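So the structure is just underneath, and the comments pick up after that.
The values are calculated or read from the model by the stated rules, or taken from the named source; none is laboratory data. Keep in mind that this is a model prediction, so the values were computed, not measured. For neighbour counting, all protein chains shown are included, and Cβ atoms are generated from backbone atoms with ideal geometry for every residue, glycine included. Surface areas here come from the heavy atoms of the whole protein model, side chains and all, with no ligands, DNA or RNA. Shrake-Rupley method; radii C 1.70, N 1.55, O 1.52, S 1.80 Å.
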Amino acid sequence: MFSHVMVGVNDLEVSRKFYDALLGTLGIAPGAANKNRYFYRSPTGTFGITTPINGEPATHGNGSTLGFTMQSPEQADAFHAAGVANGGTTCEEPPGWRDGAVGKLYLAYLRDPDGNKLCALHRPAK
């Protein structure tokens, strides 16, 4: 459905360090520079960070969450830990299993250095 997702950041190098570490836990190479942006490519899509083109400060979307697919709860924990160790902050409940209308999920939430809400999601095989 999506070709790419991009979020605005205020300090490109602080955010590059954060996302290099965070996405590195998924086996994704460090961001490739392109002017005032970095792109992280995978076989299924592209994630990007950019300073806003209009020169205004980047702001996070209240109520917005970017979800990343995890292969295991351990990968979700590593993703979350790498984010917190590189300038992110944990949010929501601690990483763990949740039961809900769509079944059992392992979730780990955090915010990046600019406040964008991220979710590591593992859905077990049925």
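Some observations on this one:
- Cα gyration tensor shape for the stretch 17-94, rounded if a/c is under 1.5, else prolate or oblate: oblate
- Calculated accessible area for the chain comes out at 58 Å² per residue, all protein chains present (probe 1.4 Å; ligands, DNA, RNA ignored).
- For the stretch 64-96 and the stretch 1-57, distance of Cα centres in Å: 17
- DSSP finds beta bridges in the chain, and of those with both partners inside it, around 70 percent are antiparallel.
- Stretch gain in nm, segment THR46-VAL14, where the contour uses 0.36 nm per residue and the Cα spacing is subtracted: 9.6 nm
- Antiparallel DSSP beta bridges within the stretch 1-59, as percent of all bridges there, nearest 5: 65
- Dividing the mean sequence gap of close Cα pairs (under 8 Å, 6+ apart) by how many residues the stretch 1-88 holds gives a relative contact order of 37 percent.
- Taken over the chain, lysine pairs spaced eight or more positions apart, or on distinct chains, with alpha carbons under 29 Å apart number 6.
- Here the simple spin-label model places points 7 Å from the Cα toward Cβ, and for LYS35 and ALA125 these points are separated by 4.5 nm.
- Judged by the gyration tensor of its Cα atoms, with axes a ≥ b ≥ c, the stretch 29-70 is oblate; a/c meets the 1.5 cut and b/c is at least as large as a/b.
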